[in-house]
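Structure first, commentary second.
Bear in mind these aren't lab numbers, they're just calculated from the coordinates by the rules spelled out. Because the structure is predicted, anything quoted here is derived from the model rather than measured. Here Cβ is always computed from backbone atoms with ideal geometry, including for glycine, and neighbour counts include all displayed protein chains.
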C-alpha cells in the first residue's frame with residue numbers, strides 16, 4: 001500500500017461527507033430528498049467513478065511534496081562543490097538524486113545532457129543518494145571528493161562508463177578525473193555528513209528510490225522520458 005493511500009482515502013471520505021452535507025442542505029426544503037438518500041447518491045457516484053481515489057492520492061502527494069520541497073529548498077538545490085551542470089545562474093534548477101549502482105540513473109545521463117544542451121537557462125544539480133549497496137556509499141564518497149575538487153563531471157561520467165561499481169572502477173574513475181585521493185581519509189567525515197543530509201532530505205520528500213527528481217515544487221520518480229522532464233521544467237518556469 002502506498003504511503004498516500006490512507007490519507008487519500010481520508011480525503012475522499014471527507015469529500016463524500018462534504019458533498020452529502022451540501023446536497024442535503026440543498027434538498028432540505030419541503031419535498032426535497034432525505035439526507036440518507038443524498039448520502040446514497042454521493043456514495044454510489046464515488047463507487048462508480050473509481051478514478052476519484054487515484055486523483056485524490058495524486059493531489060495529496062503533490063501538495064505534501066510541495067510543502068516538503070519549500071521547507072527544504074536550500075538543502076535540495078544548493079550543490080556540493082561542482083556537482084552541477086548547465087547554467088549556474090539558470091532560472092530553473094532540476095535536481096537528480098542518484099546512486100552509482102542504479103542502472104536507471106546511468107540510462108538518464110543522455111537525457112540530462114540533451115536537457116542542458118536544449119535549455120540554456122537550466123541548471124542541473126546532482127545529489128548522491130547511495131541506497132543500493134555498501135559500494136554505493138564508497139562511490140558517493142569518491143564522488144563528493146571529486147566535487148570538492150571541482151572535478152565532479154569527469155568523475156561522474158567516468159564511473160558510470162566503467163560498469164558495475166567496485167573499488168577498482170572507483171579508483172580508475174578518480175584517476176581519469178584527476179582527483180587527488182591522498183586526503184580521502186580526512187574527507188570521509190565531510191562526505192558522510194553530506195550523504196546523511198541527502199538521505200534525511202530525501203526521506204522528507206518521500207523519495208524511496210533512484211533516480212528521483214525535484215523541479216520547482218514537484219518530486220518525480222524514475223527514468224523519465226525527456227518530454228516529461230521538459231514539461232515539469234516548463235511548469236516550474238511558468239511559476
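Worth pointing out:
- Fewest-first sequence of 115, 109, 94 by Cβ atoms within 10 Å of each Cβ: 109, 115, 94
- C-alpha center-to-center spacing [the stretch 166-237, the stretch 108-161] in angstrom: 6 Å
- Label-to-label distance for residue 35 and residue 157 is 6.9 nm, based on points extended 7 Å past Cα in the beta-carbon direction.
- Report note on the peptides 224-233, 194-203: ranked by the mean count of other C-beta atoms within 10 Å, highest first, their order is 194-203, 224-233.
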